[in-house]
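Asks: I have a structure here, written as structure tokens, and I will follow up with some questions on it.
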Amino acid sequence: MLVKMSKEVKQRLQQLFKGGQFAILWGFEEESLMIYLEFKRGTNPGMPEPTVLRLLWG
């Protein structure tokens, strides 16, 4: 079943999807930055050193 949409509705949906893609991309970028900073700065005193294995294992 195809629904006919006006040009305005199509434009609004495109903007919505672009905004969603940006939000998802920003979330991945932010997470990558946080992981990088954790490895760069090290950990708090008394905590084990970060390693790739600990990152992957959780």
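Asks: Name the pairs whose Cβ atoms lie under 9 Å apart, with the first residue in the range 30-41 and among the aromatic types (F, W, Y), the second assigned to a helix (DSSP H, G or I) and open to solvent by less than 90 Å² (accessible area, probe 1.4 Å), and 6 or more positions between them or separate chains?
Replies: Taking only residues 6 or more apart or on different chains, the pairs are F39/L55.
Asks: Right, here's the next one. Does the range 31-41 include one or more residues that are open to solvent by less than 100 Å² (accessible area, probe 1.4 Å), part of a helix (DSSP H, G or I) and at pLDDT below 75?
Replies: yes
Asks: Out of P50, P45, I need the residue that is at pLDDT below 80, touching a helix residue (DSSP H, G or I) at 6+ places or on another chain (Cβ under 8 Å) and not in a helix (DSSP H, G or I). Which one?
Replies: Just a single option satisfies the conditions, and that option is P50.
The values are calculated or read from the model by the stated rules, or taken from the named source; none is laboratory data. Remember, predicted model here, so these are calculated numbers, not experimental data. Every residue, glycine among them, receives a Cβ derived from its backbone with ideal geometry; neighbour counts consider all protein chains shown. Ligands, DNA and RNA are excluded from the accessible area calculation, which covers all protein heavy atoms including side chains. Shrake-Rupley method; radii C 1.70, N 1.55, O 1.52, S 1.80 Å.
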